[in-house]
Amino acid sequence: MSRVCEITGKRFMVGNKVSHSNRKTLKRFNVNLQLKKFYIPEEDAWIWLRVSMDGLRNINRKGISACLREAEKNGIIKMY
């Protein structure tokens, strides 16, 4: 499974790792993803999501149902 947040759609970034001698090599900056279990009261079900910390803050602020609807509207996830 790819390292993509299922709520915000965040993925890795690529940048330069700069050494003390100022040499530059490409480095991959991964997203801080956590596997979390959420309860959806409308469906009376538990789901597992790979969520970044920014996505987790959005869920705490807006609620899981609103975040799932927004992610579906943006095309990040598919609900059935």
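The values are calculated or read from the model by the stated rules, or taken from the named source; none is laboratory data. Being a predicted model, the structure only gives us computed values, none of them experimental. A quick note on method: Cβ atoms are made from the backbone with ideal geometry, for glycine too, and the neighbour counts reach across all protein chains shown. Quick note on the areas: whole protein, heavy atoms, side chains included, nothing else; ligands and nucleic acids left out. Shrake-Rupley method; radii C 1.70, N 1.55, O 1.52, S 1.80 Å.
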* What accessible surface, in Å², does a 1.4 Å probe find on Ile59, ignoring ligands, DNA and RNA and rounding to the nearest 10? -> 10 Å²
* To do: On a 0 to 90° scale, report how tilted helix 53-62 is relative to the longest principal axis of the chain, with both axes built from alpha carbons and the result rounded to the nearest 10.
  => 30 degrees
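Which value at 222 nm does the chain reach when only helices count, each DSSP H run of 4 or more adding -39,500 (n - 2.57), with the total divided by all residues and rounded to the nearest 500 deg cm²/dmol?
Working: 2 runs with 20 residues, N = 80.
Only helices count here, giving -7500 deg cm²/dmol.
Could you check how many percent of all C-alpha pairs in the chain are farther apart than 17 Å? List each step's numbers first, then the result.
Values: 1657 of 3160 pairs.
Of the Cα pairs, 52 percent sit more than 17 Å apart.
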* So which lysines can Lys62 reach, going by Cα to Cα under 20 Å and dropping same-chain residues fewer than 8 places off? -> Lys10, Lys36, Lys37, Lys73, Lys78
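So, for the chain, what is the accessible surface per residue at a probe of 1.4 Å, expressed in square angstrom?
Values: 6270 Å² over 80 residues.
That works out to 78 Å² for each residue.
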* Asked: In the chain, carbon and sulfur make up what percent of the accessible area (probe 1.4 Å)?
  -> 51 percent
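Give me the percent relative contact order of the chain, please, defined on Cα pairs under 8 angstrom at least 6 residues apart. Let's see the in-between values first.
On the way: 109 pairs, mean separation 24.0, N = 80.
Contact order relative to length: 30 percent.
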* Structure fact -> With the dipole of the chain defined by +1 on each Lys or Arg Cβ and -1 on each Asp or Glu Cβ, the option from Val14, Asn74, Phe38 whose Cα lies farthest towards the positive pole is Val14
* Asked: Relative to the present Cα-Cα distance, how much length would full extension add between Glu70 and Arg3 at 0.36 nm per residue of separation?
  -> 22.1 nm
* For Cys5, what is the net charge nearby, where nearby means another residue's Cβ is under 9 Å from its Cβ and Lys, Arg count +1, Asp, Glu -1? -> +2
